[in-house]
Amino acid sequence: MTRRIAVLNQKGGVGKTTTTVNLAAALANEGHRTLVLDLDPQAHATLHLGLMPGRSGPSLYEVLTQGLPLKEVRRTVADNLDVCGSHIDLAAAEVELIGTVGREVILRDQLAAEDGEPYDFVIMDCPPSLGILTLNALCAAREVFIPLQAHFLALHGLSKLLETIHLVSKRVNRDLRVSGVVLCLYESGTRLGAEVVEDLERFFESRRQASSPWSDAQIFRTRIRRNIRLAECPSFGQSIFQYAPTSRGAADYASLAGEIQGRAPAGFWASSDQPSPAAEPDSDGEVPAVPAHSPRADAPAA
Ligand code: ADP
Ligand code: MG
């Protein structure tokens, strides 16, 4: 059974794309067949995975607006790792789909029509809004991961996000569950980080109703620490595991991949492995192998 995960927060800059790409790469490294769907017109995940939007053929724009099958858009970027890319045109889908009946479930239906290419994980990178692209992700997903940056406005907007998830689960997608919050850009050892975690626990506790999609939501034990290598690798079109495999960023995303396999939603296969705790800080001063050229400049046309 495929785990379909929407990585969602309507705020920008919280770590959605970084988490989508590097979590997908970590899972693929472990042998899980993984598909990334880039639903953000900014196409950051597409670029991060080494593809040039537009130059690598049709994108999710054609899937959503013209009914092109996903397999026509899918590209393999590494062992076990495929991506359906985005393009700036996707921004127009919001308007173009206004008169289309069932426009929220196009992606769900396209995924259901996929056969012969079963994935263990489908991970969807969402745009920083709660429009039709995000609704397509929520209708196609079974789980939501919410990346959050631990600063004093972290919880601002969370109620609105949960309300949207609640409506989708009530009206269209009964199976939808918030699996957890991923703390990104985490400053370990700061009081603020610890305070945000406490606030977050209180927030979920106060809203925990048995029937709500977030009744089992957890804060993942793995914190994604602030690590400069994570900020550098997108411009090389590489995941952290290609760019700086010994960095803290790689350790944290490998740890998150381990943890989520031990925390499947009810009804899913559950691994008996205990998730490993967040990796200890390593010496991060090493100079990673920097590619001689940027793949962006001559990204593969396929
Ligand atoms: P979003 O997709 O939510 O807008 P991104 O994943 O693009 O957020 O992250 C925003 C910025 O922060 C990017 O420049 C990214 O490279 C950087 N970034 C994300 N996570 C980390 C981290 N753990 N350490 C350092 N930089 C990070
Ligand atoms: Mg993004």
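Data overview
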{"item": "Close pairs (7 angstrom Cβ cut-off, 6 or more residues apart or separate chains): more than 9 Å from ligand 1 (Cβ to nearest atom) in segment 219-248, at pLDDT 95 or above and of a type in the set (S, T, N, Q) anywhere", "result": "222/255; 239/22; 240/22; 240/247; 241/29; 247/227"}
{"item": "Within segment 148-164, tally of residues that are within 12 Å of residue 214 (Cβ to Cβ) and loosely packed, with under 13 Cβ neighbours inside 10 Å", "result": "2"}
{"item": "Residues satisfying the stated conditions in segment 52-62, i.e. within 16 Å of ligand 2 (Cβ to nearest atom), modelled with pLDDT of 95 or more and part of a loop (DSSP other than H, G, I, E, B)", "result": "59"}
{"item": "Answer residue from segment 16-51, given it is surrounded by fewer than 21 Cβ atoms within 10 Å (Cβ to Cβ) and near ligand 2 (Cβ under 10 Å from one of its atoms) and is farthest from the chain's Cα centre (by Cα) among those", "result": "42"}
{"item": "Looking only at segment 1-15, and only at residues there that are within 17 Å of residue 220 (Cβ to Cβ) and not β-branched (Val, Ile, Thr), the one that is farthest from ligand 2 (Cβ to nearest atom)", "result": "3"}
{"item": "Residue 11 being within 11 Å of the chain's Cα centre (by Cα) and more than 18 Å from residue 258 (Cα to Cα)", "result": "no"}
{"item": "Whichever residue in segment 182-193 is at pLDDT below 85 and not hydroxyl-bearing (Ser, Thr, Tyr) and, among such residues, is nearest to ligand 1 (Cβ to nearest atom)", "result": "193"}
{"item": "Filter pass, residue 278 being at pLDDT below 50, in a loop (DSSP other than H, G, I, E, B) and surrounded by 19 or more Cβ atoms within 10 Å (Cβ to Cβ)", "result": "yes"}
{"item": "Single unsatisfied condition, residue 74 versus (1) away from ligand 1 (no atom under 16 Å from the Cβ); (2) under 24 Å from residue 243 (Cβ atoms); (3) modelled with pLDDT under 95", "result": "(3)"}
{"item": "In segment 100-145, residue surrounded by the most Cβ atoms within 10 Å (Cβ to Cβ) [restricted to those that are assigned to a loop (DSSP other than H, G, I, E, B) and within 16 Å of ligand 2 (Cβ to nearest atom)]", "result": "126"}
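The values are calculated or read from the model by the stated rules, or taken from the named source; none is laboratory data. The model shown is predicted, which means the values in this text are computed figures rather than measured ones. Note that we place each Cβ from the backbone using ideal geometry, even for glycine, and neighbour counts take in every protein chain shown.
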